[in-house]
Structure formats: C-alpha cells, structure tokens
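The values are calculated or read from the model by the stated rules, or taken from the named source; none is laboratory data. Keep in mind that what you see is a predicted model, and the values were worked out from it rather than measured. All Cβ positions, glycine included, derive from the backbone under ideal geometry; neighbour counts span all protein chains shown.
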Amino acid sequence: MSLVNDMLRDLEERRAAPSERLTLEGLHAVDEAGAARRERIERLRRGSIWFMAVMLIAVLIGVMIGRVVNGQIPWGGVMPKREEAAAPALPRLLEVLPQTDAGGLTLQLLLERSVPYQRTEESGAVSLRLPDVELAGGPRSGRVQREGRSLSWRVEAQGRDVQVLLVGLGEGLQVSDRLEAAGDRWLLWIEVPLNEPAPNAEAAVEEPALTPAAPAAEPAAEPELPAWATAPVAPANAPEPAATAEPAAPAPEPAGVPQVKIEPYRPDGLAEARQAIQAGDYRKAIAELEELQKTRGRDPEVLRWLARAYLADGQQQRLLGWLPAQLAQMPQDSELRLLLARAQLQAGATRDAVATLEQNAPSLAQEPTYHALLAASYQQTGQWQQSAALYREMVALRPSQSTWQLGLAIALEQLDQPAEAARHYRLALQGLGLDESAKRFASERAAALGGRG
C-alpha cells in the first residue's frame, strides 16, 4: 500500500499526462497516518473492554470469597452496608419426636445444624440446655408410666435458649444423649431406659419404715420440678429429698444437699471452625475440619466449610487436588462445584472453570450467582455468544443488577451490536453495585457508542 501511495503522489506532483495514469486509474492515495491512528484507537478500545471484563470477573470472585469467609452463600446483588447487615439467624429446633416402647423413652430433637449444649444432673432430674436456639412449634411435654414408675419430660423455650427437662424415677433416672448428622440436619437423641428397677428398690422393700410411705410417694400429678430447672446452673439451695418416716432408721445414702453435676458438651468442632474462619485463623479452621472429615466421612457441611477455608487461605492447589474427588461423589452439590470453579479461575484455568460450571448447573432462579460466574467465565474464554445469552436471562430475572447489565453490554459490544451495548451500559449506570472505575468505564462506553449503529 505504501508503494502505491508513493506512485500516486509522484503522478500528482509531476502533473502527469492521462496516459501515465491508466495503470493506476481509479486508485487514490490513502491517508496512512489517519488509518494508523484509527487502528491504535480501536486497539485501545478493545484493550479497555478486555480489561473491564477481567475486572468484572475479579470483582465477582472477590465478593463471593468475602461472603464465603462470613459463612454466607453468595446470591449476588449488592453487598449490604455494614450498619444494615442483619444479625445471623438463630438455629432452630424444628421438631420434637417422642417414642415409647418396651425399652423406654426416646426423644429425637431435629435441629437445623449442629449446636453445643449443657447437661445438668440432680437426683431424679436431668436438664439439657441448648443456648441460642429457637424453638419452632411451641413447647412439648409428656409423661410415661411403667410398673408404678413415672417419668415426665418437657421441651420449652427459656429466653434465647431451649431446655429439655426429664424428671422422675428418683435415683434410677439414667439418661443418655448424643448428637448425630441426619442429611443436612442434626438429631439430638435422648434415651431413658424404663425396663430396669431403680438401684435402691431392694433397700426400699427391706426397710420397714419406708414400706408404708411407698403408696404416698406415687402422686397422681406429674412430679414437682426442682428449683434449678429454669436456670442453666443449679443453685446451692436446691430442694432436699423427702425425709423418711423414722429418722433413726439407717438410710442407703446420707441425707443432705443433692450433688449437682454440670457437663458442658460440644458434639463436634464445626462451630469452632466457623468461628476461626470468621476470625481469620484459617489454619486452625483447616486443622479442625480435616479432623472432622475423618470421623464424619462425606458430611456435606464439613466439606463445604473445608473448601471455603482452603480458598480463603489461598491454598488453591491443595483445594484443586482434593475437591474434585469429593465432588465426584456428590455431583449435584452446586456449592462445592462453585467453590471448585473459583479455585480454578484463581489458578488461571479458565476453561476448566467453564467446564466445571457447565456440569449439573442448577436452575437460574435457584442460584443466579452460579450463572453469573459462568457468564463472566465465558468472557474469559472468548465465548461471547454464550455470555450474552446467559446475561440476557439474568437481567430479565433481575434488571436492577448493575454488574449483570455491564457484563451484557461488554458481550454485546464484542458481538458488534453497539446500539444494544450502549443501552445496557446506560442501564448499568442506573442500577446499584458498581464501583467508581466501573461507572466511569460504563459512562465512557455509553457515550462512545451512542452515535453508532
């Protein structure tokens, strides 16, 4: 092109005859400087769009990781202001399921998640207190009678706590409790055997002074609750056992203040691991969660928190080597799949991230953030058609989401649809959630594309 331009300029300067122009007839000199300038501008424009696409996915990943550290499932939208952040909801006790059979009484308490609890024992009564737990459905109570023996139980809310109280059987009250995972819920099992006589039954029969008092010791109403039943710790002045008819007769056990045994119980370290993550101590959380995984196997809650801890601690390679095997056993777990894709994106494996997100994707209405990461990842692999199509579905679901409008505008500009791109750049400016640099970029592109198309 440069040689032709030189020949044309030479003909013009010499005012050559028409016969000399025949070979170059119809050709005109090109403004090479202007063309070079326009090419540089186009390269700058495409470079700025590419940079903004990279920034968009970086913002998405950064916001998601920030929410994961806080123990939240990221659903997209605007990050709430600190002063507007709602207090975390209390775990709920969803259901109380009593069962009575020949062996005794079994209470099953269905909980939303694992919680610590405190056990308090006194002669003839056992209390389990679950702090910071909400009771759904109101208080529950019941009574079991078997062969002249009576046991009463009650589950009720006390302030921000839930208390489970079992009273009866005297010294023969034996209560076992354990907390077990049940899918994505937890069950607190409380078992009381009723098929064995009380340990001091023989003494009561052989003791002449106690025999007449035996019928009176079987009240028709429920046994009276001890004074400590409404408090987490038994007071020092707890009521004493009833005195015998003949004080001079020897008793099996000396009378006096009954012994109170308080046993704090923590079923597992999941709560401690969550607290460690929120405090930024990721190594402690990882150590705790790795131990839990050994005992709980494929508990989804433990796996998710362990993946979050790896990601928050920057251990992408460790996560990438561990998580695929877990995900293969639970292919429908979209949160584990999302965490794996984030680690792949951070490691620069964008095509692997796209392939991960495309498998077993949940519905858009159910998990829009999952699809937001997939749409942004499409732009990193140059799949502009797929990105634009997915962003269109997302903005139809939530038009006020500015980051989605911006992602759609970038994809449309790359697909040479300037008028539509300019419109979505303007819509992005009208919504919420963009930082100053993103707003400035959207404003510049909307102005540049306003007269095109």
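General observations
- Residue in the stretch 64-85 that is at pLDDT 70 or above, outside any loop (DSSP other than H, G, I, E, B) and surrounded by 15 or more Cβ atoms within 10 Å (Cβ to Cβ) present: no
- If you go through the stretch 387-412 and keep only what is charged (D, E, K, R) and over 21 Å from E358 (Cα atoms), you end up with just R398.
- Filtered by the rule that a residue be in contact (Cβ under 8 Å) with a residue 24 or more places away in the chain and closer than 20 Å to A372 by Cβ, the stretch 405-419 gives Q405, L406, G407, A409, I410, A411, L412, E413, Q414, L415.
- The set of residues from the stretch 334-366 being of a type in the set (S, T, N, Q) and closer than 16 Å to A309 by Cα comprises Q344, Q346.
- Qualifying positions in the stretch 296-314 - over 15 Å from L338 (Cβ atoms), surrounded by fewer than 24 Cβ atoms within 10 Å (Cβ to Cβ) and touching a residue at least 12 places away in the same chain (Cβ under 8 Å): R296, R298, D299, E301, D313
- For the stretch 342-360, a residue qualifies if it is surrounded by fewer than 16 Cβ atoms within 10 Å (Cβ to Cβ) and either over 13 Å from L319 (Cβ atoms) or hydroxyl-bearing (S, T, Y) (or both), and the qualifying residues are G348, R351, A355, E358, Q359, N360.
- Test: residue in the stretch 331-348 that is in a helix (DSSP H, G or I), without any contact (Cβ under 8 Å) to a residue 12 or more places away in the chain and of a type outside the set (A, V, I, L, M, F, W, C): no
- The residues in the stretch 435-453 that are modelled with pLDDT under 85 and surrounded by 14 or more Cβ atoms within 10 Å (Cβ to Cβ) can be counted, and the count is 1.
- Residue satisfying all of: in the stretch 360-384; part of a helix (DSSP H, G or I) and among the small types (G, A, S); farthest from W404 (Cα to Cα) among these: S377
- The set of residues from the stretch 105-135 being of a type in the set (S, T, N, Q) and either at pLDDT 85 or above or not assigned by TED's automatic domain parsing to the domain that holds L188 (or both) comprises T106, Q108, S127.
- Condition met for Q329 (buried (at least 16 other Cβ atoms within 10 Å of the Cβ) and either among the polar types (S, T, N, Q) or at pLDDT 90 or above (or both)): no
- Enumeration of residues in the stretch 169-186 that are out of contact with any helix residue (DSSP H, G or I) (no Cβ under 7 Å at 6 or more places or on another chain), surrounded by 15 or more Cβ atoms within 10 Å (Cβ to Cβ) and modelled with pLDDT under 80: L169, G170, E171, G172, L173
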